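Colleague: Quick one: structure below, then a few questions.
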Amino acid sequence: MSDTSTAPSPPQRRWLGLAVIAAAQFMVIMDTSIIGVALPQMQDDLGFSPEDLTWVFNAYVIAFGGLLLAGGKLADLYGARRVFTAGWVVLAAGSLVAGLAGNVAVELTGRALQGAGSALIAPAALTMLMMLFGREPRELTKALAVYGAAAPAGGTAGVFLGGVLTEYASWPWVFLVNLPIAAVILAVTPSLLPAGRAGSQVRVDVFGAVTVTGGLTAAVYGIVSAPEVGWSSWRTWAALGLAAVLLVAFVVRQARAAQPLVRLGIFAAPNLGAANLAQALLGAAWVPMWFFLNLYLQQVLGYSAFPSGAALLPMTALIMIGMALIAPRVITAIGPKRTTVAGLAILTVGLGWLSRVDPDGSFVVDVLPASLVAALGMALAFIPSLGTAITSAAPDEGGLASGIVNTSYQVGSALGLAVITAVAAAAGASAVADPAARTDGYSAAFLAAAVVALAGAVASAALLRPAPTAPAPGDASPTAASRV
């Protein structure tokens, strides 16, 4: 083992370390939303076709989703802080490339590098959160609440910041703004975050890393491109077929390797698989809702980008309050399983309510109340399912567990968005000149998302195990932590 320590940090430093970790989550999510307002100017300046413009988003998502498992394992092998630092270097380099790009190929390369950097940052950040707070279940719940609340804050901030930078500076600044933030985080990381333990006699499973990354990348590529080229297209089936071959090869390799990238036995840990399924279905319901709610506000109700972003602020505020204040209390009162199930059930109700949107509707009647119900459900479901997923594994596999749960949510989001986009298009969402038909399509999307959330609630009720008996004070075993 290396000489790095995982001993508890002083209380004040731990919470400052959490602020750095939450900032990382904020940035990872912000980078998915900050480009939205800038896309028209990028299209004019770089020569994107309307079809290729979507890849400014997809290049990031594919690299992020495809490399998360490898990022989590690297955090276990080389130390979480070292991988976290490397991730910020890669993210900063990608941001510089994307900001200075003069053509489509360079722009997409920069976005892919940003995604790769985020794939190193996200699981390493969760691993260090566990190092700082994993010994005290109550504080871990609070820390996860802060971490979880950073995601919707980043999503909303990205919309506003992207608009401000695009209007008052220029579109490259939606990428270049990452550079000073990365510099600050890199400067404070050594003093605030734990190094973690690096494995002895490390041998990286290169074949495993290549096959799982290639398989997940091919799967996400096939999923996100299917609405554009068609689910029956040879491109879609070729990508999904390649993904299947690579992922089967990965599983066979992991079963036989002496030092696998992913120890398959990790999935035997109680609640690990069920919690990751809950996260995947949560992402598959929530991200399409956010996507189509933006479209309904702008393309049916006629909101421009800034009023549309402002309309989402009440929902974002409730998610942050729910994650930071409400969810921890509910988890303490009824346990993580019941909180997860209740959250997904409430999300189902909110999405079902949103499916009643009207082409002549209004924000106050058609959007606000239903979106607040959905936001409360998201806040209640996210924290306990995330906490259960990352605390079900042994401490020395915390990075791997973090990579798995991040992968579950991201791939679930991509799959849900692709499938529900197809549902919406079939129901009329692509009818540009007909607001009523578009509304029918968006209504179908919300209803499909409600079905996914309901499936998540049912699966969580059936598969998640109740929390064990409360541990003795100071017990830092994985079983004790799994109560979170």
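Taken together, the values in this text are just the output of simple stated rules run on the coordinates, not laboratory data. Not measured: the values here are computed from a predicted model. In this analysis, Cβ positions are derived from the backbone assuming ideal geometry, glycine residues included, and neighbour counts consider all displayed protein chains.
Colleague: Using r as the Cβ-Cβ distance of L325 and L100, and R0 as 45 Å, what FRET efficiency do you calculate, to the nearest 0.05? Write down the numbers at each step before the final one.
Modeller: Values: r = 42 Å, r/R0 = 0.94.
Efficiency computed from Cβ-Cβ geometry: 0.60.
Colleague: Quick check: pseudo-label points 7 Å beyond the Cα along Cα→Cβ at A461 and V248, how many nm apart are they?
Modeller: About 3.6 nm separates the two model spin labels.
Colleague: So if the hydrodynamic radius of the stretch 206-260 is defined as the Kirkwood radius over C-alpha pairs, what does Stokes-Einstein give as its diffusion coefficient at 4 °C and 1.567 mPa s, in µm² per second? If you can, show how the numbers build up before the last one.
Modeller: Details: Rh = 11.5 Å.
Translational diffusion coefficient: 113 µm²/s.
Colleague: Suppose a student asked you for the relative contact order of the chain, using Cα pairs under 8 Å spaced at least 6 residues apart; what percent would you report? Write out the running numbers ahead of the final one.
Modeller: On the way: 916 pairs, mean separation 105.2, N = 484.
Once normalised by length, the contact order is 22 percent.
Colleague: Right, another one. If we restrict to alpha carbons, what Rg and Dmax does the chain come to, in Å?
Modeller: Considering the chain through its Cα atoms, Rg and Dmax are 21.3, 65 Å.
Colleague: State, to one decimal in nm, how far the label point of S233 lies from the label point of L264, with both points 7 Å from Cα in the Cβ direction.
Modeller: 3.4 nm
Colleague: Need the full-extension length gain, A333 to A169, defined as separation in residues times 0.36 nm minus the C-alpha distance. One decimal, nm.
Modeller: Values: separation 164, 0.36 × 164 = 59.04 nm, distance 4.90 nm.
Value of the extension gain: 54.1 nm.
Colleague: At 222 nm, what value in deg cm²/dmol follows for the chain if DSSP H runs of at least 4 each add -39500 (n - 2.57) and the sum is divided by all its residues, to the nearest 500?
Modeller: Values: 19 runs with 357 residues, N = 484.
Taken over the chain, the calculation gives -25000 deg cm²/dmol.
Colleague: Could you please rank E228, E167, E397, placing first whichever residue has the fewest other Cβ atoms within 10 Å of its Cβ?
Modeller: Details: E228 16, E167 13, E397 22.
Ascending Cβ contact count within 10 Å gives the list E167, E228, E397.
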